[in-house]
1. On the basis of being exposed (fewer than 14 other Cβ atoms within 10 Å of the Cβ), under 22 Å from residue 47 (Cα atoms) and touching a residue at least 24 places away in the same chain (Cβ under 8 Å), does residue 243 make the cut?
2. Any chance you could count how many residues in the range 36-68 are crowded, with 17+ Cβ neighbours inside 10 Å and under 17 Å from the mean Cα position of the chain (by Cα)?
3. In the range 69-86, which residue that is touching a residue at least 40 places away in the same chain (Cβ under 8 Å) and touching a helix residue (DSSP H, G or I) at 6+ places or on another chain (Cβ under 6 Å) is surrounded by the most Cβ atoms within 10 Å (Cβ to Cβ)?
4. Of all residues in the range 127-157 being touching a helix residue (DSSP H, G or I) at 6+ places or on another chain (Cβ under 8 Å) and farther than 28 Å from residue 170 by Cβ, which is surrounded by the most Cβ atoms within 10 Å (Cβ to Cβ)?
5. List the helices (runs of 4 or more DSSP H) inside the range 69-188, counting only whole elements, that have at least 1 residues being under 15 Å from residue 222 (Cα atoms).
6. Tell me, please, whether a residue that is buried (at least 16 other Cβ atoms within 10 Å of the Cβ), modelled with pLDDT of 95 or more, over 23 Å from residue 35 (Cα atoms) and in contact with a strand residue (DSSP E or B) (Cβ under 7 Å, 6 or more places away or on another chain) can be found in the range 205-212.
7. Here are some residues: 113, 120, 66. Which one is in contact (Cβ under 8 Å) with a residue 24 or more places away in the chain and more than 12 Å from residue 155 (Cβ to Cβ)?
8. Looking at residue 225 and the list (1) buried (at least 24 other Cβ atoms within 10 Å of the Cβ); (2) touching a helix residue (DSSP H, G or I) at 6+ places or on another chain (Cβ under 8 Å), which single condition is not satisfied?
């Protein structure tokens, strides 16, 4: 019997397995577990599975597996869900740190009507070598499949495309072509951005590993804010509207900060 908790960050939903006190799913079985139980028709359903464990480098550790069974380096909405659960269980305090494959993230939280969590996403990587993109230099306004594409690594690689309207049905048809384009050897997430003002954008995200659109993407929201600022379209403090809700992104010289909520949905047992 396996106890699980379902959480979401702006509609980006996850199954969480608490391994803080004991290993529940062996590492070599985690991918298959995610593939099976993220199915929305025959299982629990989710965009991914979060495994919360102890860390000898930080307060807690996050492992995340996408719904297709692949392991991700990091996930912005996922880390907020993990922190929300860990706060509720008393594993961490308001200021804490999380070990991920993308590095150690520092966290702060506050409770108003909901739990608001701010994540220091670290220093973004604009150089192609650090994005895992072919070529040299930064990846800005490169023409791919009739779109002007920019890219940045915010823990995972993201392609960012500015469009006049997010209602175009062709966007999610074009996204897989960019996601699998050979210029990104390890693939990439794909974001479409509509500029609302110099401090507000709206986005849609096609996620690598989910292989479809998600209601929200934390690392994608950060990536869009960074590229918009890099191209001189916005200031350094931006509201990002996703289908699942809003995130606040603040950009400094050395880091990007993401603030948003996370909520527990339900608990259950796999028998």
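1. No: the conditions fail for residue 243.
2. 15
3. Selected residue: 77.
4. 155
5. 76-89, 128-131
6. No, the range 205-212 contains no residue that is buried (at least 16 other Cβ atoms within 10 Å of the Cβ), modelled with pLDDT of 95 or more, over 23 Å from residue 35 (Cα atoms) and in contact with a strand residue (DSSP E or B) (Cβ under 7 Å, 6 or more places away or on another chain).
7. On inspection, the qualifying residue turns out to be 66.
8. (2)
The values are calculated or read from the model by the stated rules, or taken from the named source; none is laboratory data. Keep in mind that this is a model prediction, so the values were computed, not measured. Here the Cβ is made from the backbone with ideal geometry for all residues, glycine too, and neighbour counts use every protein chain on show.
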